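A short write-up of the structure that comes next.
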Amino acid sequence: MSLLEEIATAVFEGDADKVKEASERALSDGAAPETVINEGLITGMNKIGYLFKNGEVYVPEVLIAARAMHAGMDVLKSSLQAGEEIGNKGIVLVGTVKGDLHDIGKNLVAMMIEGAGYKVVDLGIDVAPDKFIKAVEEYQPLAVGLSALLTTTMTAMQETVSRIKGNGGRVRVIVGGAPITQKFADAIGADAYAPDAASAADIINQILAG
């Protein structure tokens, strides 16, 4: 097993100490930080994400794998060259819409997207449309993920999508949450609908490639 395969396996198994040690060893051996990220950490998260999507592992396993991935990222951050960033595929904003205080689903989505190689900017919960617009202008993301867990906040999601789309930018918008459906996503003008956290990263990859 190569060192990068060892890192990927340790992420998959949620062994944070081993990920940290193997990442340090990879750097000492001359591996580029971005190679360790893409072929070690992200490969491991992709594997856990695939199993999560298929119902073979559950939220606790994803949380443990994400913690292990972050242990590796902490090692690699100081070794990245100026201008390089973890999450070099680009920026994705995520947030729960105004009036909604739920964050578990949104947090899972953020982890899966980060594990797929994007830099995630998490705006938190109860995020007003104006805050999303300001963040889009500030960060220039590739995509924005909106979460709503209450039927009463679906109107806030609709307003937010309308504001983002009407702001003249080309940012893609992906929506999800318990009451959200593909039909609703289509009706409000979203670019994509994620039925669950495990699908979010795949869907973002697809819409950005399209």
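Quick notes on this one:
- Loop trypsin sites (Lys or Arg not before Pro), the range 137-210, which have at most 12 other Cβ atoms in a 10 Å radius of their Cβ (DSSP): Arg170
- With θ taken as phi - 60° and the Karplus curve 6.51 cos²θ - 1.76 cosθ + 1.60 applied, the whole-hertz 3J(HN,Hα) list for the range 11-21 is 5, 4, 7, x, 8, 4, 4, 5, 4, 4, 5 Hz, x standing for glycine and proline.
- 3J(HN,Hα) along the range 178-188, derived from phi through the Karplus expression 6.51 cos²θ - 1.76 cosθ + 1.60 where θ = phi - 60°, amounts to 3, x, 7, 10, 4, 4, 5, 4, 5, 5, 8 Hz, with x in place of Gly and Pro.
- Inter-part distance where the range 15-83 and the range 143-210 are each reduced to a Cα centre, Å: 28
- Dipole magnitude for the range 1-154: about 380 debye, using +1 per Lys or Arg Cβ and -1 per Asp or Glu Cβ, origin at the Cα centre.
- Reachable lysines from Lys134, criterion Cα separation under 19 angstrom, eight or more residues apart if same chain: Lys98, Lys119, Lys165
- Where GluC sites (Glu not before Pro) in DSSP loops with at most 14 other Cβ within 10 Å are excluded, longest remaining stretch of the chain: 86-210
- Computed from the Cβ-Cβ distance with R0 of 25 Å, the FRET efficiency linking Thr155 to Gln206 stands at 0.35.
- Cβ-Cβ FRET estimate between Ser2 and Leu63, R0 fixed at 22 Å, reported to 0.05: 0.25
- Dividing the helix sum by the residues of the chain, where each DSSP H run of 4 or more adds -39500 (n - 2.57), gives a mean residue ellipticity at 222 nm of -16500 deg cm²/dmol.
Here, each number is a calculation from the coordinates, and none is a lab measurement. Predicted model, so just to flag it, every value in this text is computed and none were measured. Positions of Cβ are backbone-derived with ideal geometry, glycine not excepted, and every protein chain shown enters the neighbour counts.
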